[in-house]
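Chemist: Structure incoming, see below.
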Amino acid sequence: MKELASLGLAVVIFIACNQQSKLYTQQSPEIEIYKEVLEAYEERDWKTMETHYADSAKIINNVMEKDAKNLKQFLAQKKEDASQFSNWDFAVTQSEYEMVVNDKGETWVNFWGIWKGTYKANNKVYTIPTHITTQFVNEKIVREFGYWDVSELTKDIQEAKIDEISSSEEIPEN
């Protein structure tokens, strides 16, 4: 009987030691939260978007970490961006999500997608591959890193501003 009890205890300890939390998944509450964030962004619903970020969140999109924005700055920039586009969204069929728990125990959601937006000044549609990774603590985003290439869009915005300035200046006659 002692041998059976010892064997049972050994099995329980073995199972307990081998149980690990998921380190990688494509289904999690954090992924669903991030899908809500992107949906709110597409709909320009800044209040809903804001509810998913911690007040102390640091947003590091296409900048070095030392140049991170706080939540207020981030939302102000999104509102300004929105005023320049007649529409924008992420192609759902080309979006991928994963949640990772790293070796430090931090929970991160990675997103890869295709952003499409129509710039009002030239009515041109831009298609931009995007990667965003967000760190979650207690189901709130505390850090966000985003990477995408806006060089073509930036060039066209600069050209549109030059055209706007040129058309507003009077050309003197000789």
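The values are calculated or read from the model by the stated rules, or taken from the named source; none is laboratory data. In this text the structure is predicted, and so the values were computed from the model without any measurement. Positions of Cβ are backbone-derived with ideal geometry, glycine not excepted, and every protein chain shown enters the neighbour counts.
Chemist: Going through Thr127, Thr134, Thr118 one at a time, which residue ends up being on the phi < 0 side of the Ramachandran plot, of a type in the set (S, T, N, Q), outside any helix (DSSP H, G or I) and in contact (Cβ under 8 Å) with a residue 60 or more places away in the chain? Walk me through it before giving the result.
Modeler: Working: Thr127 fails: in contact (Cβ under 8 Å) with a residue 60 or more places away in the chain; Thr118 fails: in contact (Cβ under 8 Å) with a residue 60 or more places away in the chain.
Of Thr127, Thr134, Thr118, the one residue that is on the phi < 0 side of the Ramachandran plot, of a type in the set (S, T, N, Q), outside any helix (DSSP H, G or I) and in contact (Cβ under 8 Å) with a residue 60 or more places away in the chain is Thr134.
Chemist: Which members of the range 139-156 meet the condition of being touching a strand residue (DSSP E or B) at 6+ places or on another chain (Cβ under 8 Å) and either closer than 19 Å to Glu36 by Cβ or crowded, with 18+ Cβ neighbours inside 10 Å (or both)?
Modeler: Pass one, the range 139-156, residues touching a strand residue (DSSP E or B) at 6+ places or on another chain (Cβ under 8 Å): 140-150, 152-153, 156.
Result: Lys140, Ile141, Val142, Arg143, Glu144, Phe145, Gly146.
Chemist: Can you tell me which of (1) surrounded by 13 or more Cβ atoms within 10 Å (Cβ to Cβ); (2) of a type outside the set (A, V, I, L, M); (3) out of contact with any strand residue (DSSP E or B) (no Cβ under 7 Å at 6 or more places or on another chain) is the one Asn123 doesn't meet?
Modeler: Checking Asn123 against (1) surrounded by 13 or more Cβ atoms within 10 Å (Cβ to Cβ); (2) of a type outside the set (A, V, I, L, M); (3) out of contact with any strand residue (DSSP E or B) (no Cβ under 7 Å at 6 or more places or on another chain), the one that fails is (1).
Chemist: If a residue must be within 14 Å of the chain's Cα centre (by Cα) and part of a loop (DSSP other than H, G, I, E, B), how many such residues does the range 36-62 contain?
Modeler: Matching residues across the range 36-62 total 2.
Chemist: Residues of the range 71-100 being more than 19 Å from Ile60 (Cβ to Cβ), of a type outside the set (Gly, Ala, Ser) and more than 16 Å from the chain's Cα centre (by Cα), which ones?
Modeler: Matches in the range 71-100: Gln84, Phe85, Asn87, Thr93.
Chemist: Okay, moving on. Inspect all residues belonging to the range 91-107 and state whether any of them is surrounded by 13 or more Cβ atoms within 10 Å (Cβ to Cβ), among the hydrophobic types (A, V, I, L, M, F, W, C) and without any contact (Cβ under 8 Å) to a residue 40 or more places away in the chain.
Modeler: Scanning the range 91-107 turns up no residue that is surrounded by 13 or more Cβ atoms within 10 Å (Cβ to Cβ), among the hydrophobic types (A, V, I, L, M, F, W, C) and without any contact (Cβ under 8 Å) to a residue 40 or more places away in the chain.
Chemist: Within the range 102-110, can one find any residue that is in contact with an Asp or Glu (Cβ under 6 Å, 6 or more places away or on another chain) and at pLDDT below 95?
Modeler: No, the range 102-110 contains no residue that is in contact with an Asp or Glu (Cβ under 6 Å, 6 or more places away or on another chain) and at pLDDT below 95.
Chemist: For the range 64-93, name all the residues that are of a type in the set (A, V, I, L, M, F, W, C) and part of a strand (DSSP E or B). Before you say what the answer is, go through the steps one by one.
Modeler: Here is the first cut: in the range 64-93, the ones of a type in the set (A, V, I, L, M, F, W, C) are 64, 68, 71, 74-76, 82, 85, 88, 90-92.
Phe85, Trp88, Phe90, listed by residue number.
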